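Just so you know, all these numbers are worked out from the coordinates, no wet-lab data involved. What you see is a predicted model, and the numbers here were worked out from it, not measured in a lab. Cβ: placed from backbone, ideal geometry, glycine included. Neighbour counts: every protein chain shown.
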Amino acid sequence: MRVSDVLASKGSDAVYTISPDATVRELMDTLADLNVGALVVSGDGSSMLGIVSERDIVRKLRDVENLREIPVSDIMTTDVQVCSPADSFGGLMAIMTEHRIRHVPVLQDGQLVGVLSIGDAVKHRMEQLEFERDQLTHYVAGG
């Protein structure tokens, strides 16, 4: 199983980005409007400068006054764990577990092609397990 399989099962190839110059106010509005937990920070929509998540907001802004006017570039994570479509699904899960992260951008030839969340990974794994269960049930029943 590959990262590309998980991307295909999402049903959408939309990659949500935000400019590094956007304010935290814009970031919070966008996260809420899109109902997502992270956005890739990009100047052009296809290359990645970093990622910014709900955790970045909570951890980096709790003691800041006038926090809503701070630029996203001030709170984004720049040391981003990434994967490629050809990487294994197990490798993706290992990255998320080892680094305790919930969102992993998917890059192909340096270009952003997707973002996978822990929710995407869990949903895909559940579908795999249900398929295997159904196959075993069918086998045991003699079908």
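Annotations for the structure displayed:
- Full-stretch length increase - residue 64, residue 111 - with 0.36 nm per residue and alpha-carbon distance subtracted: 13.6 nm
- Charging the Cβ of each Asp and Glu at -1 and of each Lys and Arg at +1, and nothing else, the dipole of the chain about its Cα centre rounds to 380 debye.
- Karplus-based coupling profile of the stretch 55-70, in residue order and whole Hz: 4, 4, 4, 5, 6, 9, 10, 5, 10, 9, 7, 6, 5, 6, 9, 5, with θ = phi - 60° in 6.51 cos²θ - 1.76 cosθ + 1.60 and x standing for Gly or Pro.
- Net lengthening on full extension, residue 28/residue 82 (0.36 nm per residue, minus Cα-Cα): 17.1 nm
- Listed residues 112, 137, 51: farthest to the positive end of the dipole of the stretch 3-140 (Cβ charges): 137
- Theoretical gain in end-to-end length, residue 5 to residue 139 [0.36 nm per residue, Cα-Cα removed]: 45.7 nm
- Along the chain, counting only trypsin sites (Lys or Arg not before Pro) with a DSSP assignment other than H, G, I, E or B and at most 10 other Cβ atoms inside a 10 Å radius, the longest segment between sites is 1-61.
- Using a Gaussian network model of the chain in which every pair of alpha carbons under 10 angstrom is joined by a spring, one finds that among 53, 12, 73 the greatest mean-square fluctuation is at 12.
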